[in-house]
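The values are calculated or read from the model by the stated rules, or taken from the named source; none is laboratory data. Keep in mind that what you see is a predicted model, and the values were worked out from it rather than measured. Glycine also receives a Cβ, built like all others from the backbone with ideal geometry; neighbour counts cover every protein chain displayed.
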Amino acid sequence: MTVLETNTAAAAASGTWTLGDLTVRRIGFGAMRLPQTGTALVPGATPRDRDEAIGVLRRAVELGVDHIDTAAFYFSPLRSANELINRALAPYPDDLVIATKVGQPRDPSGAWLPHAGPRELRGLVEENLRQLGRDHLDLVNLRVVGSASVAERFGVLAELREAGLIRHLGLSNVTPEQLAEARETAPVVCVQNMYGLGVRPDQDAFVRHCGEQGIAFVPFYALAADGRQAGATGREHEAVRAVALARGVTPAQVRIAWTLHQGPHVLAIPGTGDPAHLEANVAAGALRLTDGELARLEAVHRGRA
């Protein structure tokens, strides 16, 4: 457990950032693990207890979380993250920002389908609208696979933005070149890429570039690291454990704090279906690492420790 205090204003301690004209706290919530226990985004996953999932969402908002990341393809048998969010939080608080993703759908069995082309994207946006019970989406990220051009598909989302179905646009799993290409079509308020302590240090320059452009950087798998969709493996670097022990917190909280220290534009969206983990994750927004701790963790990040 942690000695960090958690209360109704816990998320506020992380600070804020603006996504276009929407202000969010820098500690948010990722909904990927809500529909199931165990490995996420894999056919045959065990559905999570519905009441527990709904309780976690409501508690997150009570703790001050106002940024939830989701997608229509976050589902398992009998459970959909979007529908759980709808059930738990509608009518939605005025300050709640829900970000979703489109680009690569899954069939009803959970198997991934080919990447959506321009003609399919509107249907995916409408699916999110229907499941969430919204007349518009606050933020839609185009999920990209590979290094192909994003202009045509991003242009479709830009048209839906002009039509009022989408408020702001972002990108997921992209390169700097794809970001530059998309920005020629419409404003980009955030980038979601895999990144974390010891995870893809090659992204460091891109993280800084996004900050220089006023674009939020929202890392995924920041806690899971090499475990990716399966979640954290339980193996943790000795230096991370040492910092956690000295501060009376958990290694996961150290990882979240390190993520937030990478720049005021970096937003954390740790996900969980466990109420205790939720409390600890949100509380980590108040953890300030010392220069010495950051230097020690930087060595871990660079593979020098």
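With a requirement of 1 or more residues that are within 17 Å of D274 (Cα to Cα) and β-branched (V, I, T), the strands (runs of 3 or more DSSP E) lying completely within segment 36-144 that satisfy it span 67-69.
Among the residues of segment 38-51, are any within 15 Å of D138 (Cβ to Cβ) and either at pLDDT below 95 or in contact with a Ser or Thr (Cβ under 6 Å, 6 or more places away or on another chain) (or both)? First the steps, then the outcome.
The first filter runs over segment 38-51 and keeps only residues within 15 Å of D138 (Cβ to Cβ), leaving none.
No; the residues of segment 38-51 include none that is within 15 Å of D138 (Cβ to Cβ) and either at pLDDT below 95 or in contact with a Ser or Thr (Cβ under 6 Å, 6 or more places away or on another chain) (or both).
Inclusion of L294 among residues that are outside any helix (DSSP H, G or I), of a type in the set (A, V, I, L, M, F, W, C), out of contact with any Pro (no Cβ under 9 Å at 6 or more places or on another chain) and at pLDDT 95 or above is not warranted. Looking across segment 230-288, the residues that are in contact with a Ser or Thr (Cβ under 8 Å, 6 or more places away or on another chain) and farther than 30 Å from G214 by Cβ come down to A230, G231, A244, G248, V249, T250, G273, E279, A280. Among the residues of segment 145-181, the one identified as assigned to a helix (DSSP H, G or I), closer than 19 Å to T18 by Cα and hydrophobic (A, V, I, L, M, F, W, C) is L179. The condition (being surrounded by 21 or more Cβ atoms within 10 Å (Cβ to Cβ), at pLDDT 95 or above, more than 23 Å from R26 (Cβ to Cβ) and among the small types (G, A, S)) is satisfied by just one residue among A186, A257, A182, A216: A182.
Return the total of residues in segment 268-291 being surrounded by fewer than 17 Cβ atoms within 10 Å (Cβ to Cβ) and either of a type in the set (S, T, Y) or in a loop (DSSP other than H, G, I, E, B) (or both).
Quick first cut of segment 268-291, residues surrounded by fewer than 17 Cβ atoms within 10 Å (Cβ to Cβ) only: 274-276, 288, 290-291.
Imposing the further condition that a residue be either of a type in the set (S, T, Y) or in a loop (DSSP other than H, G, I, E, B) (or both) reduces the set to 274, 288, 290.
Summing the residues that are surrounded by fewer than 17 Cβ atoms within 10 Å (Cβ to Cβ) and either of a type in the set (S, T, Y) or in a loop (DSSP other than H, G, I, E, B) (or both) in segment 268-291 gives 3.
Counting just the residues of segment 98-111 that are within 20 Å of V174 (Cβ to Cβ) and touching a Phe, Trp or Tyr at 6+ places or on another chain (Cβ under 8 Å), which one comes out surrounded by the most Cβ atoms within 10 Å (Cβ to Cβ)? Walk me through how you get there before you give the answer.
We begin by selecting, within segment 98-111, every residue within 20 Å of V174 (Cβ to Cβ); these are 99-105.
From what is left, the residues that are touching a Phe, Trp or Tyr at 6+ places or on another chain (Cβ under 8 Å) are 101, 104-105.
Values: K101: 24, Q104: 18, P105: 18.
Checked segment 98-111; the qualifying residue surrounded by the most Cβ atoms within 10 Å (Cβ to Cβ) is K101.
For segment 130-157, give me each residue that is out of contact with any Asp or Glu (no Cβ under 7 Å at 6 or more places or on another chain) and closer than 26 Å to D94 by Cβ. Correct list: R130, L132, G133, R134, D135, H136, L137, D138, L139, V140, N141, L157. One residue stands out in segment 74-89 among those that are modelled with pLDDT under 95 and among the hydrophobic types (A, V, I, L, M, F, W, C): the one that is surrounded by the fewest Cβ atoms within 10 Å (Cβ to Cβ), namely L78.
Number of residues in segment 118-149 that are among the hydrophobic types (A, V, I, L, M, F, W, C) and surrounded by fewer than 17 Cβ atoms within 10 Å (Cβ to Cβ) equals 2.
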